[in-house]
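The values are calculated or read from the model by the stated rules, or taken from the named source; none is laboratory data. The structure presented is a predicted model; accordingly, all values stated were derived computationally and were not measured. Note that we place each Cβ from the backbone using ideal geometry, even for glycine, and neighbour counts take in every protein chain shown.
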């Protein structure tokens, strides 16, 4: 009986060895990403004494190169091996992050170096995310896309449970630059498993035109903005990304400085949200099959915005401030996972394979581009108005982003 209990599940994607390799590639890397996500702002805020404006600049400048080139990268991805791009992105990010502990050893880290590393990591993360969204349909069947996205989301959610807590402890014990070395090693792990995938990719459809990135980029823009489902969906996510970017450069500073929450405690707070995210990832498949995408996305986004409001509402002694953040993490993370898993599946099902890279490039251009502007606005406005009012504005904007989804037509359940 014990053997049957611990045996690997059978059927569906569990019998797809290449999906399992893809899944394994992202497992440890997902944990490592939390080390960098928590570590870079802490290096800037505590080690280098960065202000809210500096942190906003850190997020904005790191995103700028990826925003500029993302449509062209999408066109390139549609003409080359997507798996090769995934491996290249992993190796580039590992190399960039490995420089942090080296410079820390010589006490030579500057805010410029932190921004530079963050820029390289963000740029190649854009390569990875765009290629990854386009690559998954090459590894699984069309009717398994929702299950595949849900399983990958489960891994990411589980990483949110253990990653921030481990990152917080590692940062306190080893300091942030040396803790980030774990993320560099996790990218090498990912590259190894990606290189072992055997299933051939969907062949690139021959074009009647010679390669032309400008023309192909315009084709991607025209496809997204003429599509009745992708246009409102993309505009909704772009608006939401702008509003959530108010939180990206300010959350750690707000928690550590304004609420006086120690980094280790903050790591455990974020990890609690990962428990909710695991539940959300498990429910994403059921919700996608049970409810129509339009209805599901609108309902989930409204509820998520309400949970987001608990962050700027946090106040009082340490236990009370932590309690407010825990409510947001425990409830909001599950809703977020269901929402974005559904979004990814709808995008993949509505986009032909020959355009998936370009659709992803346009998606990144709008979401990350507005996120870049939002980070700059948030950083400068927080120094003027304070962090809490800016976070409240972000909550109201997230709620307003649901209006785009009212223009989205009804589509079959995913």
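Each row is one residue, and each column tells you yes or no for (1) closer than 22 Å to residue 334 by Cα; (2) surrounded by fewer than 23 Cβ atoms within 10 Å (Cβ to Cβ).
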| position | (1), (2) |
| --- | --- |
| 251 | yes, yes |
| 254 | no, no |
| 257 | no, yes |
| 271 | yes, yes |
| 275 | yes, yes |
| 278 | yes, yes |
| 284 | yes, no |
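From the residues in region 35-52 that are outside any loop (DSSP other than H, G, I, E, B) and modelled with pLDDT under 70, which one is surrounded by the most Cβ atoms within 10 Å (Cβ to Cβ)? So that I can check it myself, show each step before the final result.
The initial filter retains those residues of region 35-52 that are outside any loop (DSSP other than H, G, I, E, B), namely 35-47, 52.
Right, trim to modelled with pLDDT under 70 and you get 46-47, 52.
Values: 46: 17, 47: 15, 52: 23.
Selected residue: 52.
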Discussion item. So the check is Cβ under 8 Å with 6+ separation or different chains; which pairs have a first residue in region 86-99 that's at positive phi and modelled with pLDDT of 95 or more and a second one that's crowded, with 19+ Cβ neighbours inside 10 Å and not in a helix (DSSP H, G or I)?
Written reply: none
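Take the residues in region 55-85 that are part of a helix (DSSP H, G or I) and surrounded by fewer than 20 Cβ atoms within 10 Å (Cβ to Cβ), then tell me which one is modelled with the highest pLDDT. Show your work before the answer.
Initially, region 55-85 is screened for residues part of a helix (DSSP H, G or I), giving 55-77, 82-85.
Going one step further and asking which of them are surrounded by fewer than 20 Cβ atoms within 10 Å (Cβ to Cβ), we end up with 61, 64-65, 68-69, 72, 84.
Details: 61: 70, 64: 78, 65: 78, 68: 82, 69: 83, 72: 83, 84: 92.
So, considering only residues that are part of a helix (DSSP H, G or I) and surrounded by fewer than 20 Cβ atoms within 10 Å (Cβ to Cβ), the one modelled with the highest pLDDT is 84.
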Discussion item. Just to be sure I understand, how many residues within region 340-386 are crowded, with 24+ Cβ neighbours inside 10 Å, over 17 Å from the mean Cα position of the chain (by Cα) and under 30 Å from residue 316 (Cβ atoms)?
Written reply: 3
Item to complete: Only residues that are in a loop (DSSP other than H, G, I, E, B), surrounded by fewer than 22 Cβ atoms within 10 Å (Cβ to Cβ) and in contact with a helix residue (DSSP H, G or I) (Cβ under 9 Å, 6 or more places away or on another chain): list them for region 107-139, please.
Response: 108, 110
Item to complete: Go through the residues of region 301-319 one by one and say whether even a single one is in contact with a helix residue (DSSP H, G or I) (Cβ under 7 Å, 6 or more places away or on another chain), closer than 14 Å to residue 405 by Cβ, assigned to a helix (DSSP H, G or I) and without any contact (Cβ under 8 Å) to a residue 40 or more places away in the chain.
Response: yes
